[in-house]
1. Go through the range 54-86 and give me each residue that's out of contact with any Asp or Glu (no Cβ under 7 Å at 6 or more places or on another chain), under 18 Å from Cys152 (Cα atoms) and in a helix (DSSP H, G or I).
2. Is there any pair linking a residue in the range 208-219 that is in contact (Cβ under 8 Å) with a residue 60 or more places away in the chain to one that is near the ligand (Cβ under 10 Å from one of its atoms) and basic (Lys, Arg), with Cβ under 9 Å and at least six apart or on different chains, and which?
3. If the Cβ limit is 8 Å and pairs must be 6+ apart or interchain, which residue in the range 150-172 that is more than 22 Å from Arg50 (Cα to Cα) and at pLDDT 95 or above pairs with which residue that is within 9 Å of the ligand (Cβ to nearest atom) and among the basic types (Lys, Arg)?
4. Within the group Arg18, Arg24, which residue is within 19 Å of the chain's Cα centre (by Cα) and basic (Lys, Arg)?
5. From (1) touching a residue at least 12 places away in the same chain (Cβ under 8 Å); (2) more than 11 Å from the ligand (Cβ to nearest atom); (3) in a loop (DSSP other than H, G, I, E, B), pick out the condition that doesn't hold for Pro138.
Amino acid sequence: MAMPSAPSGAAFFSSPARDLAAARNALLQQGWAVLDGVLDEAACTITLDRLWAAAATYEAQGNSTFMPVLDPNAANVRVFDLLALDACFRDLILQPHAISLVEALLGPHFRISNFTANIARPGSGSMALHSDQALVVPEPWQAPWALNIIWCLTDVTFENGATLYVPGSHRAQTRDDLGANPEARLVPFEAKAGSIIAMDGRLWHTSGKNITKGQDRALLFAYYTRDFLRGQVNFNALLDPALQASLSPELRQRLGLEVAQNLSAGAALLGKAPRA
Ligand SMILES: O=C(O)CCC(=O)C(=O)O
């Protein structure tokens, strides 16, 4: 896969191959992995600026960045539709380190389900505990069919609202398997700006509370699922036809813009390669 250009020409760091191999392994074992230094400082700054610009456009289009169904107050700034809003997000969604982690868990036959942002500003609170796979597939959750790549555009700490997760919860096949009071077992994903956090879709988690006086915590959530699941977004409806036509064949296929859909399980059964 060709390396997509970094946002506005800023450089992606190239993490050593052994870090990526260790992260792929950790993801499979513990249900999550942090890979440092995927974006350099300049790329984080540029992408964060572009995210705020995207938030303004999103609101100008008549959407609200406060979603009461998700968050207790407006200090969480939610930006949906990132792939429609700026080319830098279309670069990040197929960034090779991210895709290496996606393929480690989901294999080659995956689709992009959604790409959103959550900026937790001072005073933001936690959402409800959930797993991302549970949002798109009913229990039992017997295999990893979903994964989030979380792009850290700022440092992420417990104090500024790091995502909190329940260790080992990717092995829970039902909600009851989580046991009593899983909230008491939550621990934060802490990471430096420029890291990506790969999170198995079965790992139960929530947003933390930002208890700082003046620090934003800005995260992008790139959500991928196996290709037999319907995406959270219908990109045929979201993306302007001219934009769709300008996208690479790889991105079009991962977004489900091509005519042929949901053929990989059948191809494996019948011993034939799926139509691209
Ligand atoms: O912002 C966070 O830390 C978590 C967000 C999340 O889990 C979600 O939006 O589904």
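1. Matches in the range 54-86: Ala55, Leu82, Leu83.
2. Gly208/Arg217; Asn210/Arg217
3. From the range 150-172, the pairs are Thr157/Arg217.
4. Arg24
5. For Pro138, the exception is condition (1).
For (1) under 30 Å from Ala245 (Cβ atoms); (2) hydrophobic (A, V, I, L, M, F, W, C), each residue gets a yes or a no:
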{"position": "Gly62", "(1), (2)": "yes, no"}
{"position": "Pro72", "(1), (2)": "no, no"}
{"position": "Leu83", "(1), (2)": "yes, yes"}
{"position": "Gln133", "(1), (2)": "no, no"}
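Residues are listed down the side, and each one gets a yes or a no for (1) farther than 22 Å from Leu82 by Cβ; (2) within 14 Å of the ligand (Cβ to nearest atom); (3) of a type in the set (Phe, Trp, Tyr):
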position: Ala134; (1), (2), (3): yes, yes, no
position: Cys152; (1), (2), (3): no, yes, no
position: Glu159; (1), (2), (3): yes, yes, no
position: Ala172; (1), (2), (3): yes, no, no
position: Arg185; (1), (2), (3): yes, no, no
position: Phe189; (1), (2), (3): no, yes, yes
position: Gly214; (1), (2), (3): yes, no, no
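The values are calculated or read from the model by the stated rules, or taken from the named source; none is laboratory data. What you see is a predicted model; the values in this text were computed from it and never measured. As a convention, Cβ positions derive from the backbone with ideal geometry for all residues, glycine included, and neighbour counts pool all protein chains shown.
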